[in-house]
Amino acid sequence: MLIGGVTPDGTGAGVAAQVNVTVPVLTLLGKSEEPGYLAGYGPIDPDTVRRLAAGAPSFTRLLTHPETGVVLSMGRDTYKVPAALKRWLEVRDETCTFPGCRRSAKRSDVDHSVEWQHGGQTDAMNLAHLCPYHHAVKSYTRWTPRHLGDGRIEWTSPAGYRYIVEPSADMRPPRTPQPQPKPPAPAVGVWNLDPEPDDPDNTTPF
């Protein structure tokens, strides 16, 4: 009741849960049986994904790479980070993404790694949490972040040293394992058992 307040009928509203489910669009359309991904749990079967999607009050569209499933872009339609994307980033980052900093993402800023005025996009591959102190360090010093495309961020220090910060959660949807090609069959030697006409010793070389 303290968190959620009281509803008009006098009962407590309680705590509202937020569930993040990554759904491949072809699975949603019934054109694929690729599993979905429940953040914090793992793969879930296509039928469950479709049932959850049918009752979802809203969707966040994320453009993903067709092979790796990595989120690529939300575009430059807005500078302000949508609330759903903020929640997605909180799960992925969990803390400030500066090397060695463990300040909670909830107490950090969502920063455009490539500044908006310099062509940066408001998307998951250009956004990361930085606490106020390290936000200033990034803005006013030569510490430079670079997204590696899989949730990791590579930081380069003013002295040229590089540090890679791993995401707290793997937000990529699972990929269907591809069948491995069979190894080539071992070569079979074919021996000529007939002597060559010019083989005086009547032998076959090996």
- prompt: Out of all the residues in the stretch 72-103, which are at pLDDT below 60 and in contact with a His (Cβ under 8 Å, 6 or more places away or on another chain)?
  reply: L72
- line: The correct count of residues that are among the aliphatic types (A, V, I, L, M) and more than 14 Å from F98 (Cβ to Cβ) in the stretch 128-165 is 2
message: Suppose we filter the stretch 117-159 for residues that are polar (S, T, N, Q), assigned to a loop (DSSP other than H, G, I, E, B) and more than 15 Å from the chain's Cα centre (by Cα); how many remain?
response: 4
task: Filter the stretch 18-40 for residues that are touching a residue at least 60 places away in the same chain (Cβ under 8 Å), not in a loop (DSSP other than H, G, I, E, B) and not small (G, A, S) and give the result.
output: T22, Y37
field: Failed item in (1) modelled with pLDDT of 80 or more; (2) exposed (fewer than 15 other Cβ atoms within 10 Å of the Cβ), with I44 passing the rest
entry: (2)
Top-ranked residue of the stretch 113-151 - restricted to ones that are loosely packed, with under 15 Cβ neighbours inside 10 Å and aromatic (F, W, Y), ranked as modelled with the lowest pLDDT: W116
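The values are calculated or read from the model by the stated rules, or taken from the named source; none is laboratory data. Computed from a prediction, not measured in an experiment: that's the story for all the values here. Because the Cβ atoms are built from the backbone with ideal geometry, glycine has one as well, and the counts that use them run over all protein chains shown.
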